[in-house]
Each structure stands twice: as structure tokens, then as C-alpha cells.
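Asker: Below is one structure. I have some questions about it.
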Amino acid sequence: MSLIPHLINGELVTEEGRTADVYNPSTGQAIHKLPLASRETIQKAIDAAKAAFPAWRNTPPAKRAQVMFRFKQLLEQNEARISQLISEEHGKTLEDAAGELKRGIENVEFACAAPEILKGEYSRNVGPNIDAWSDFQPLGVVAGITPFNFPAMVPLWMYPLAIVCGNCFILKPSERDPSSTLLIAQLLLEAGLPKGVMNVVHGDKAAVDALIEAPEVKALSFVGSTPIAEYIYAEGTKRGKRVQALGGAKNHAVLMPDADLDNAVSALMGAAYGSCGERCMAISVAVCVGDQVADALVAKLVPQIKALKIGAGTSCGLDMGPLVSAQARDKVSGYIEDGVSSGASLVVDGRGLSVAGNEDGFFLGGCLFDNVTPEMRIYKEEIFGPVLCVVRVNSLEEAMQLINDHEYGNGTCIFTRDGESARLFCDEIEVGMVGVNVPLPVPVAYHSFGGWKRSLFGDLHAYGPDGVRFYTRRKAITQRWPQRASHEASQFAFPSL
Ligand code: NAD
């Protein structure tokens, strides 16, 4: 088994010490060893980033953007190789892996606009001979900590923008599927990024704690589960860092009686079961307004769930691969048992699935629960697997109350043909990202991504305009050039016009 290296100061480095196994979830076999960074290794990455910062912050934004143009090309040229690595370690299908990479590249394209997005704001003649402007300056060394479910896209939400804003970056990717993340960072160096500006360190809690505690790290971007997001937000802000910490989700789709049901079913199949339900924007609850809608929905979903094509992610033409780990599969199976014992109707049971030739893979078939109620654990908690829960309500208002009362507020959508219902939903729903007949309303790179309530800790969303604000500090400069030979008397009253 090969040892996956860190990337520090432009060099691939390994270290003696603790390691973790990286699995291929389709075969159930460990395929790589991963070093878990010590405090000393984290400090080396911080030192490299700190040393690279003065020159990088003074590099013209247009030159920084040129690196991103080349990076985009390299990512596109290496799409097949990257998708293969994602699929091998995460388990998602090759098509799904290519999709996440494309959505990641969108963020590189946005970062190519660095000279435009960093232009600042200027006001002439705010007073006699006085001009004022706001400058957006980099923070210094910033770090990102990312989850397993999007090893390419989520890191790309962070560092292209942080870097074109003039910062130096340390990425701590998920320890479960780090190879594609590392390859992508290597491509950024190949694109011409100076050494030390981008560093990748592997590790677990010890590595994350070292980043939180380091005074040189000025900001932390985190994406992962809610308990860890909350921890990183509390510990980071306590130390005066800027933190954006995106957490877990429970995303509801509301089906109105006037919805185009066939299209809603197609949309729900992809949104609930794509990537084995391991997406923070996956739809995990279908809220049906009226029993008629619920009965028709369940009748249409059942044959399609049973017909899902499931196998090794790296095979072509599949709908779903395995879950990421044996623990993830067992956790989801535990939720299914819990749902049954709490009285929900298990209409499709995906447990016990065996894939010929990959009998040791972490597979679980699609599952569907009907008659789920709000006090059940399968409703309240994030399952993060291929499980869709149907909840029956009597009105749109009841559906919205349900969603607004939920702990999470990441994404949601409504299927309807009625503009008034859609408008009310968009106005009143307490969720950060909303779709109307769009099941996965993941914002494009020139908007920003973020949930509400316990799906995000911090003030600014990820990437897009909020990302620029997160990775820069505003400096307001007021400048006077008195006219020659003029003399201004002292002014003791507070300066005003
Ligand atoms: P996770 O919280 O277990 O891990 C995320 C990162 O935190 C990893 O890099 C991991 O090494 C690190 N980590 C784990 N335990 C830690 C600890 N005790 N202290 C410090 N760091 C720790 O999440 P995951 O299982 O990799 O990813 C799935 C979760 O991420 C789901 O809850 C999903 O909803 C969420 N997610 C959210 C978004 C979003 O945008 N809101 C996007 C993707 C994933």
C-alpha cells in the first residue's frame, strides 16, 4: 500500500508517525495509507505559507488570475484521472465525480475575475481636496477543512478564491478520500503558483486543532457535520479568527397537489439517491400536501427505487455506488431499524444488497419510508444515506411550518405549477438555498452557498461575493492633497462637511 504524502512548500513530503487507511468502498479493501499530521508538520506548512505571503500579496491580481486560467485548463485536461480517483476512494459514480469537478471548476472561473472582484470602491471629493476609497486586502495565512463527500468541489469552493485574493492557503482534506484533492493541488502548482502559497496536510482532529490554535492562521473555512462545525466555529472565534463553518442538513422537498408529478419523481430520484444520498443538499424528506399526492408519489417511486442500478462507482452507466465506509453503511442501517421500530412504514428496504464481484463493498440499496412523523429520529437527524422519508401534511402552511421548525436550514425546494405558492415559499421559508421545481438548488459560483440555522455558523456564505468578503479585510483610506500655498487652520470640532 502506498503512503499518500503531504504537499508543503511545493514538495511532496511524508512523515513517520500515526497513519490511517484509505479504502476503496466498492471493494471494501484498504488501498492506501495516509499520514496523520503531527503538530510539527502543521507548523511547517504554516511557516511555508507565512513565508510565501509577502511576495504573493504583492503579486498583481491579474497575474494571480493568470495562474487560475492555466489551472482551469489543467483541471479540464485531467478530468478522467481526477474522476477515477474520486470514484475509487469515495465510491460515487464516474459521471457524478465528473459533475462535482465541473461545479468545482466554476469556482476557478470565478477566481479568474480577480482584478475585477478586487477593484475596491472609490469616492472623489468626500471633503475639500479629499478622496476616499475602500481597499480589500488579504488576511494572510488561511486554512480550509473539508468533508469526504465532495473531495474535489468543496476544496475548490475555498482556495482558488482565497489565493486570488492574495492569501496563502493550508488545506486539511478528509482523511477518507484525499488522493483527488492532492492531485488537484499539485495541478495548481503546475499552473505556476509559487511554492508555499498552497499547502495540503492530511490528518484528523489533532491536525485541525493545531490549525485552530496557531496564531498565524487568520481564518478557517470548514465544511462538514454540524457538531464539528460548531466546535470549529467556537474554538476559532474564541481565538479571534474569522470562521465560516458549514454543517449538516435535512433537506425537504414539498410536493403540492398541482405539481407535475412525473417530473417531480424524476427530480426526487436523483436528489435523494444520487451519490448514495451523501450530499449536503440531498433531498431526504418529501413533504406531500394531501394523501392523494403522497399515495401517487409512493406508487411511482417504488418501482424506480427497486430498479436503481447499483455497483462499483468506477463502472460506467450506474445510478449509485456504495457508501463511503462500513461505519457509514452500519450507521444508515441503524437508522432504518430505528425508523421501523418507531412506527414508520418501510416501503422499500435496501439492506442486505450484495453486488456480484464486489461482495465486500459497502453497498446499501435505496430505501423509502412512508408515514414518517416529526418526532421520529429518522426525521429529526441527518441520515446521510440513500433513504427518503415521506411526511404527509394537509396544507402548504403546515409543510412550511414543519421545515421552519427543523434544526437545519440548508436547502429545500417546492414542486408546484402555482406562482403564488412558490412566491410565498421563497419569501417565508427559513432555509438558505431554495429551489422552485429545482431539487438541488446549489448556487452557481457567482452567487454564494450557505444554509441557515444549524447548517452554518458564521456570517458569510461560501464562495462567490461572500467568499471574496470572507477572504479579504476592508481598509478605508481617506487622503487629502492640499492645494499648493494653502494653509488649513486647526479644527477642534469633529470634522464634518
Ligand atoms: P466530518 O464533520 O466528520 O468531517 C469533516 C472534516 O472535519 C474532515 O476533514 C475531518 O477530518 C474533520 N474532523 C472530523 N472530526 C473532527 C474533530 N473531532 N475535530 C476536528 N476536526 C474533525 O464530516 P464528513 O463525514 O467528512 O462529511 C459529511 C458531513 O458534511 C455531513 O454532515 C454533510 O451534511 C456535511 N456537509 C455539509 C456541506 C455544506 O455545505 N453545508 C457540504 C458537504 C458536506
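Asker: Within the range 270-282, work out how many residues are touching a Leu at 6+ places or on another chain (Cβ under 7 Å), on the phi < 0 side of the Ramachandran plot and either of a type in the set (A, V, I, L, M, F, W, C) or without any contact (Cβ under 8 Å) to a residue 40 or more places away in the chain (or both).
Answerer: Matching residues across the range 270-282 total 3.
Asker: Conditions: (1) touching a strand residue (DSSP E or B) at 6+ places or on another chain (Cβ under 6 Å); (2) buried (at least 18 other Cβ atoms within 10 Å of the Cβ); (3) touching a residue at least 40 places away in the same chain (Cβ under 8 Å). GLN137 meets all but one. Number of the miss?
Answerer: (2) is the only condition that GLN137 fails.
Asker: Let me ask something additional. Please count how many residues of the range 346-359 are touching a helix residue (DSSP H, G or I) at 6+ places or on another chain (Cβ under 9 Å) and touching a residue at least 24 places away in the same chain (Cβ under 8 Å).
Answerer: 3
Asker: Which of the following residues is out of contact with any Ser or Thr (no Cβ under 6 Å at 6 or more places or on another chain) and on the phi > 0 side of the Ramachandran plot: ASN107, ASN125?
Answerer: None of the others qualify; the one that does is ASN125.
Asker: How many residues does the range 128-150 hold that are near the ligand (Cβ under 10 Å from one of its atoms) and more than 9 Å from the chain's Cα centre (by Cα)?
Answerer: Matching residues across the range 128-150 total 3.
Asker: Scan the range 399-434 for residues that are touching a residue at least 40 places away in the same chain (Cβ under 8 Å) and part of a strand (DSSP E or B) and report the count.
Answerer: 8
Asker: Given the options ALA328, ALA344, name the one that is surrounded by 21 or more Cβ atoms within 10 Å (Cβ to Cβ) and over 17 Å from PHE148 (Cβ atoms).
Answerer: Answer to the check: ALA344.
Asker: Just the residues that are among the aliphatic types (A, V, I, L, M) and either surrounded by fewer than 15 Cβ atoms within 10 Å (Cβ to Cβ) or in contact with a helix residue (DSSP H, G or I) (Cβ under 8 Å, 6 or more places away or on another chain) (or both), please, taken from the range 52-67.
Answerer: Result: ALA55, ALA62, ALA65, VAL67.
Asker: Further question: For the subset of the range 213-235 comprising residues that are away from the ligand (no atom under 15 Å from the Cβ) and farther than 21 Å from PHE449 by Cβ, which member is surrounded by the fewest Cβ atoms within 10 Å (Cβ to Cβ)?
Answerer: Of everything passing the filter in the range 213-235, PRO215 is surrounded by the fewest Cβ atoms within 10 Å (Cβ to Cβ).
Asker: Can you go through LYS238, LYS250 and tell me which one is within 16 Å of the ligand (Cβ to nearest atom), among the basic types (Lys, Arg) and over 19 Å from the mean Cα position of the chain (by Cα)?
Answerer: After ruling out the rest, the residue left standing is LYS238.
Asker: Could you check GLU116 against (1) surrounded by fewer than 18 Cβ atoms within 10 Å (Cβ to Cβ); (2) touching a strand residue (DSSP E or B) at 6+ places or on another chain (Cβ under 7 Å); (3) not in a strand (DSSP E or B) and say which number it fails?
Answerer: (2)
The numbers here are math on the coordinates, done by the rules we state, and not lab data. Here the structure is a predicted model, which is why all the values come from computation and not from measurement. Here the Cβ is made from the backbone with ideal geometry for all residues, glycine too, and neighbour counts use every protein chain on show.
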